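Asker: Dropping a structure here in structure tokens format, bear with me for questions.
Values quoted throughout were computed directly from the atomic coordinates according to the rules given, and no laboratory measurement underlies them. Nothing here was measured: the structure is a model prediction, and the numbers come from that model. Here the Cβ positions follow ideal geometry from the backbone for every residue, glycine too, while neighbour counts run over all protein chains shown.
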Amino acid sequence: MRRRYGITSADVDTLIEAQGGTCAVCPGKPEHVDHDHETGRVRGILCFNCNQALGNVRDNPTVLKGLIDYLRRHSDAVTFTVEEFDPSSGDTVFELSGASLHAA
Ligand SMILES: [Zn+2]
């Protein structure tokens, strides 16, 4: 069975499985076949909100980045650092620093 964007429902199932059963971006329900509007190439399966969000910024990464920067500027950001040590060597094996958009 062929569907919109030239992929089959089996292709959609395969993509969803490869995405871990969720939207390609968030833990939401994968329900929209997202494609590049210029090339027509399928990018992934998105939930309703992520699909709407991409449409609202017209697939423009600069606008998306601007929105992220805007949120960070105007949030009560809490900075955090996560470190994970290897117990045998004491070496840091994982380190992540950032800012949470939500105050704890
Ligand atoms: Zn999503």
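Asker: For the chain, what is the relative contact order in percent, using Cα pairs closer than 8 Å and at least 6 residues apart in sequence?
Answerer: On the way: 128 pairs, mean separation 16.2, N = 104.
Rounded, it is 16 percent for the chain.
Asker: Now a separate question. What's the angle, to the nearest 10 degrees (0 to 90), between helix 61-73's Cα axis and the longest principal axis of the chain?
Answerer: That helix lies at roughly 40 degrees to the long axis.
Asker: Give me the net charge for the shell around residue 22: Cβ to Cβ below 11 angstrom, other residues only, Lys and Arg +1, Asp and Glu -1. Before the final figure, lay out the partial values.
Answerer: On the way: positive: 29; negative: 17, 31.
It works out to a net charge of -1.
Asker: I need the shape label for the chain. Rule: rounded when a/c is under 1.5, else prolate if a/b > b/c, else oblate, with a, b, c from the alpha carbon gyration tensor.
Answerer: Details: a/c = 2.95, a/b = 1.56, b/c = 1.88.
Taking the square roots of the gyration eigenvalues as a ≥ b ≥ c, the chain is oblate.
Asker: Select from the stretch 4-61 those GluC sites (Glu not before Pro) which occupy a DSSP coil region and have at most 14 other Cβ atoms within 10 Å, ordered by residue number. Walk me through the numbers before you get to the answer.
Answerer: Numbers: sites: 17, 31, 38; in loops: 31, 38.
Sparse-neighbourhood loop GluC sites (Glu not before Pro): 31, 38.
Asker: I need the shape label for the stretch 4-60. Rule: rounded when a/c is under 1.5, else prolate if a/b > b/c, else oblate, with a, b, c from the alpha carbon gyration tensor. Mind showing how you got there, number by number?
Answerer: Details: a/c = 2.28, a/b = 1.15, b/c = 1.97.
Cα axes put the stretch 4-60 in the oblate bin.
Asker: Rank the residues 26, 47 as a footprinting-exposure proxy: fewest other Cβ atoms within 10 Å of their Cβ go first. Please report the intermediate quantities before stating the final value.
Answerer: Values: 26 13, 47 19.
Fewest to most other Cβ atoms nearby, the residues stand as 26, 47.
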